[in-house]
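Have a look at the structure below, then the notes.
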Amino acid sequence: FRFKDSLAEDLGKADLVISHAGAGSCLETLEKGKPLIVVINEKLMNNHQLELAKQLHRDGHVLCCNCSTLVETLQSMDFSTLKPFPPGQPEKFALFLDKVVGFQ
Amino acid sequence: TGGHTTEILRLLSCLPESYSPRHYVLADSDKMSEAKIRSFEQARAEMFSSSQFTLDRIPRSREVRQSWTSSVATTLYSFLYSVPLTYKLKPDLILCNGPGTCVPVCMSALLLGLLGIKRTIIVYVESICRVETLSLSGKILYYFSDYFIVQWPGLKEKYPKSVYLGRIV
């Protein structure tokens with residue numbers, strides 16, 4: 001799988017995704033509506049990369065674990081507790097920008 | 001770079017054609033963004049026949065985790081490089097979202113503003129990855145941008161002059 005251009009096709013076919021806490025991976029998976037387990041390795045990642053994973057977990061969109069608890073998470077996982085991840089709204093940005101530059 | 005480009009293209013996706021021509025400025029070492037941009041602009045040209053864009057590159061201001069002292073030197077070098085580019089483009093609006101590349105470009109625009117040559121509106125959108133802390137570019141441009149947008153309420157609390165519109169990418 002090293003460095004495929006896009007995981008979109010694979011994500012589309014998946015029933016479950018287990019990923020590191022990278023923002024791109026998390027968001028792409030959630031946008032496709034796939035259940036996601038985020039594996040956090042605090043030793044490898046610098047603090048800011050964990051911010052999004054932690055927030056997604058707090059908001060109930062993903063399950064989290066670390067390398068040693070992965071197996072137990074897979075055994076006990078219950079995705080019914082997770083909430084769907086609503087898409088971002090770039091149209092709000094467009095409205096804001098129109099006001100800023102005086103287009104409206 | 002990568003994630004920043006994806007985010008910025010999503011921000012552009014809902015903008016009408018009045019935001020034209022679009023001038024993209026990339027770091028010289030960025031290999032992946034150009035393809036994404038061209039593909040975005042291609043789709044755009046199919047919808048709006050008058051659609052126009054340009055693409056320029058400047059030296060990368062800072063590598064990830066580059067040391068402080070050498071970062072100042074490389075950013076200064078990028079700044080000197082970007083001044084003539086910004087002078088040539090004279091943008092009405094700069095939209096940026098966090099890669100080191102945006103700092104020298106914004107600084108050139110500020111310089112042109114100070115010299116009375118061109119007043120540019122600077123809009124900074126912090127990445128969606130930034131939930132609790134700002135990126136280095138964000139920390140700098142919070143003070144130098146006209147509008148500073150954050151995507152999580154925690155940041156709005158910490159940085160009261162910022163604008164919070166919810167998640168916009």
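Does A:Lys34 fit the bill of being away from chain B (no Cβ under 13 Å), of a type in the set (D, E, K, R) and in contact (Cβ under 8 Å) with a residue 24 or more places away in the chain? Against the criterion (away from chain B (no Cβ under 13 Å), of a type in the set (D, E, K, R) and in contact (Cβ under 8 Å) with a residue 24 or more places away in the chain), A:Lys34 does not qualify. Restricting the first member to the stretch B:40-64 and to residues that are within 12 Å of B:Asp30 (Cβ to Cβ) and without any contact (Cβ under 8 Å) to a residue 60 or more places away in the chain, and the second to residues that are open to solvent by 80 Å² or more (accessible area, probe 1.4 Å) and part of a loop (DSSP other than H, G, I, E, B), the beta-carbon pairs closer than 8 Å and six or more apart or on different chains are B:Arg57/B:Asp28; B:Ile58/B:Asp28; B:Pro59/B:Asp28; B:Arg60/B:Asp28. For the stretch A:46-104, the candidate set comprises residues that are modelled with pLDDT under 90, charged (D, E, K, R) and loosely packed, with under 11 Cβ neighbours inside 10 Å; within that set, the residue that is farthest from B:Leu15 (Cα to Cα) is A:Glu72.
The condition of being touching a residue at least 24 places away in the same chain (Cβ under 8 Å) and either within 12 Å of another protein chain (Cβ to nearest Cβ) or of a type in the set (S, T, N, Q) (or both) holds for only one of B:Pro99, B:Pro91, B:Pro104, that being B:Pro91. With respect to the stated conditions, B:Ser135 fails to be under 26 Å from B:Val83 (Cα atoms), crowded, with 23+ Cβ neighbours inside 10 Å and of a type in the set (S, T, N, Q). Within the stretch B:123-141, the set of residues being touching an Asp or Glu at 6+ places or on another chain (Cβ under 7 Å), of a type in the set (A, V, I, L, M, F, W, C) and more than 8 Å from chain A (Cβ to nearest Cβ) comprises just one member, B:Leu134.
Output the residues belonging to the stretch B:33-51 that are more than 30 Å from B:Leu76 (Cα to Cα) and either more than 14 Å from chain A (Cβ to nearest Cβ) or not polar (S, T, N, Q) (or both).
Selection gives B:Phe40, B:Glu41, B:Gln42, B:Ala43, B:Arg44, B:Ala45, B:Glu46, B:Met47, B:Phe48, B:Ser49, B:Ser50, B:Ser51.
Among the residues in the stretch B:110-126, are any more than 19 Å from B:Asp92 (Cβ to Cβ) and of a type in the set (Gly, Ala, Ser)? No, the stretch B:110-126 contains no residue that is more than 19 Å from B:Asp92 (Cβ to Cβ) and of a type in the set (Gly, Ala, Ser).
Determine whether B:Asp28 is open to solvent by 80 Å² or more (accessible area, probe 1.4 Å) and under 22 Å from A:Leu97 (Cα atoms). When the stated conditions are applied, B:Asp28 does not pass them. The condition (being within 14 Å of chain A (Cβ to nearest Cβ) and of a type outside the set (Val, Ile, Thr)) is satisfied by just one residue among B:Leu110, B:Leu165: B:Leu165. So which residues in the stretch B:19-42 are of a type in the set (Ser, Thr, Tyr) and outside any helix (DSSP H, G or I)? Result: B:Tyr19, B:Ser20, B:Tyr24, B:Ser29. When each of B:Arg57, B:Arg62, B:Arg10 is tested for being open to solvent by 70 Å² or more (accessible area, probe 1.4 Å), under 16 Å from the mean Cα position of the chain (by Cα), within 24 Å of A:Lys92 (Cα to Cα) and of a type outside the set (Gly, Ala, Ser), the lone residue that passes is B:Arg10. Counting only residues that are within 14 Å of another protein chain (Cβ to nearest Cβ) and modelled with pLDDT under 90, the stretch B:7-32 holds 2 of them.
The values are calculated or read from the model by the stated rules, or taken from the named source; none is laboratory data. Worth saying up front: this structure is predicted, and the values here are computed from it rather than measured. Ideal geometry is used to build each Cβ from the backbone, glycine not excepted, and the neighbour counts take in all protein chains shown. What goes into the accessible areas is simple: the full protein's heavy atoms, side chains included, and nothing from ligands, DNA or RNA. Shrake-Rupley method; radii C 1.70, N 1.55, O 1.52, S 1.80 Å.
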